[in-house]
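J.: My structure is below; once you've seen it, I'll send some questions.
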Amino acid sequence: MAPPPKKGPLFAPYYWSGWVDTPSCDCLKEEKFAYKYEWMVVQMVSNTARALCTTVRVVSAIATAGITEAFVHKKDLTHECVVVWYKCNKCDHKFAIQYETDNADDGRFMYFGHFENHLKIREFGEINYHYDFVQKCFGKMWGNYKLFGHNCYHWAKDFSCKLRLADSDAYVYGYNG
Ligand SMILES: [Zn+2]
């Protein structure tokens, strides 16, 4: 998976919220454990655009700029994702993986890193899972994004649910949400 772009168009969270790369060490994955997850909300447009978010101007900007609906969540023009923090028991290296969705075919993504800035944390928890358990949870996530009713908010909630309950089959919305 290629790293996310550092800069982008109007509705690009990586541009507006910054990005921090956190590569993993080269130790065996059996040495790596997840110790914390954070469900976060990030900005993906400028403050000016946020102020306009309920107006026709933003709607028409989406249309005229050909920007996909992918990153538009609700009406506040934010993006949501889940960041899981890992520690290697062999070398003590710490790193994060960010998990999220958008409207691509099978819209599930994971990146070694995390947004630099966020607006708020909706939920977080201390956990103690094997690296593979988190990837199993991710593997069972849905990828059929829809702007309304089945978007990055619902996805982050479902992924957080699996992590909170330590159950890769747990969910609130699921594929048909
Ligand atoms: Zn290591």
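J.: For the stretch 108-124, indicate whether the set of residues that are more than 19 Å from Gln43 (Cβ to Cβ), surrounded by fewer than 16 Cβ atoms within 10 Å (Cβ to Cβ) and among the polar types (S, T, N, Q) is non-empty.
T.: no
J.: Filter the stretch 17-37 for residues that are more than 8 Å from the ligand (Cβ to nearest atom) and among the polar types (S, T, N, Q) and give the result.
T.: Ser17, Thr22
J.: Let me ask something additional. What number of residues within the stretch 51-105 are within 24 Å of the chain's Cα centre (by Cα), modelled with pLDDT of 70 or more and either outside any loop (DSSP other than H, G, I, E, B) or within 16 Å of the ligand (Cβ to nearest atom) (or both)?
T.: 20
Every residue, every condition in (1) surrounded by 15 or more Cβ atoms within 10 Å (Cβ to Cβ); (2) in contact (Cβ under 8 Å) with a residue 60 or more places away in the chain; (3) within 18 Å of Phe33 (Cβ to Cβ), yes or no:
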position	(1), (2), (3)
Tyr86	yes, yes, yes
Asn89	no, no, yes
Glu100	yes, no, no
Tyr145	yes, yes, no
Asp167	no, no, yes
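J.: Now a separate question. Determine whether the stretch 133-141 contains at least one residue that is outside any strand (DSSP E or B), exposed (fewer than 15 other Cβ atoms within 10 Å of the Cβ) and modelled with pLDDT of 95 or more.
T.: Yes, some residue in the stretch 133-141 is outside any strand (DSSP E or B), exposed (fewer than 15 other Cβ atoms within 10 Å of the Cβ) and modelled with pLDDT of 95 or more.
The values are calculated or read from the model by the stated rules, or taken from the named source; none is laboratory data. What you see is a predicted model, and the numbers here were worked out from it, not measured in a lab. We place every Cβ from the backbone using ideal geometry, glycine too, and count neighbours over all the protein chains shown.
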